[in-house]
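What follows is calculated from the coordinates using simple rules that are stated; it is not laboratory data. What you see is a predicted model, and the numbers here were worked out from it, not measured in a lab. Reconstructed Cβ throughout: ideal geometry from the backbone, glycine too, with neighbour counts over all protein chains shown.
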Amino acid sequence: MESRATKQQTVQQVAMDTTSQSYFQIELERRRTSLEEATVANVSDTSLRQLLKSVDEALSRLKTGTFGICETCHDSIEADRLLCNPLLRFCLDHLSTAEQRALENDLMLAAGIQRGLLPRENWTAGNWQARYHYEPASQVSGDYFDLIETEDSFLFLLGDVSGKGVAASMLMSHLHATFRSLAGQNLPLQELLGHANRLFCESTTAGQYVTLVVGRAWHDGRVEYASAGHLPLLHVSRSGINSKKATGVPMGMFCTAEFPVCHLQLETGDSLFLYTDGLSEIFDTRGDEYGLARVESLIAKHSAKSPEQMLSACLSEIRDFTAGAKRTDDLTLLVMRHTN
Ligand SMILES: [Zn+2]
């Protein structure tokens, strides 16, 4: 997830920002201390000494202002990669062939793990049917999506982690684990989100957050939800589309944030439609954004169709609107229908 304004600057952000600089300083010094301790215990281990040397070099790059700058092209190293590995000296375009191959292998493995976290296809629970489309812009996605069945209801969660690529996908798996472990405790929705938000705040660095819709649906069509700064959720019924705006700020922004819960009653045949900005923030060849109004009319136009057909209508709309251009944002679409 990246707003239009931040799309261009994200990559350079880490190298410039003083908060990030002090984050890396602390992080590198912490690693240095651990390495020194390990070196004392394993005097003959040359790999530890080599790592120590790399940490010292990174610290001296911080001092001279060259930290986060690619040594070949002198452009910024990708922010998400640097967060994962502050010892990096080259941008993605200037890795050695061996490094590129290792990275591709790692990403393939990560993509497989991420796919394994998704709910089963053709998902049904009680009087509910859910169909989804989950598509990373590159190998791994920063979109978060899960369906968790509980005794008489189920939880639906769909969100978008700030940034993209590997760092965003790591946060996404972190969220997955957090909500999976909290879900078993049958907490009221507001409490569930409060706990998850505090855990997220405590375990991430400044500037990392997630927009997210968390809801619970019962077999009789009752639904409650809270939206932490996420795009409007659409309630699709015979009488039309009802757009439901966010009820709180994104998760991870404030440790003490509260997330008010709203209630809905779905009739048989009604659906809920949730999505990430991979749908609403696409651009046509003239640079015009697709936007929320178009999302609403698209869903209204196809509301009588089956959930599968609604999803394929969205996908063909995206292809037509962007004239087949390569997508830059992760995409997740979810249709949940209350059936009889
Ligand atoms: Zn470079």
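Here is how the numbers come out for the structure above:
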read-out: Tilt relative to the chain, helix 307-321 - C-alpha long axis, 0 to 90 degrees, to 10; value: 60 degrees
read-out: Cα-projected label distance for Arg327 with His195, points at 7 Å along beta-carbon direction, nm; value: 3.3 nm
read-out: Where GluC sites (Glu not before Pro) fall in DSSP loop in region 98-194, at most 13 other Cβ within 10 Å; value: Glu121, Glu151
read-out: Of the trypsin sites (Lys or Arg not before Pro) in region 157-257, those whose Cβ has at most 16 other Cβ within 10 Å and which sit in DSSP loop; value: Arg238, Lys245
read-out: Calculated Rg and Dmax of the chain using C-alpha coordinates, Å; value: 22.1, 75
read-out: Cα centroid separation - region 146-185 against region 25-78, whole Å; value: 33 Å
read-out: For the chain, size of Cβ-based charge dipole, Lys and Arg +1, Asp and Glu -1, in debye; value: 220 debye
read-out: Rounded tilt (10° steps) of 165-183 against the dominant C-alpha axis of the chain; value: 60 degrees
read-out: Calculated [θ] (222 nm, deg cm²/dmol) that DSSP helices of n ≥ 4 give over the chain, each run adding -39,500 (n - 2.57); value: -14000 deg cm²/dmol
read-out: Extension gain from Asp220 to Arg286, taking 0.36 nm per residue of separation minus the Cα-Cα distance; value: 19.2 nm
read-out: Calculated FRET efficiency for the pair Phe90/Glu149, C-beta based, R₀ 41 Å, to 0.05; value: 0.35
read-out: Simple label model, 7 Å out from Cα along Cβ direction - Lys244 to Lys301, nm; value: 2.5 nm
read-out: Fraction of the pair-distance distribution of region 177-240 above 14 Å, Cα-Cα pairs, percent; value: 65 percent
read-out: Normalised convex hull volume, region 103-241, alpha-carbon set, Å³ per residue; value: 123 Å³
read-out: Lys/Arg +1, Asp/Glu -1 at C-beta; the chain dipole; positive extreme among Leu59, Gly194, Leu231; value: Leu231
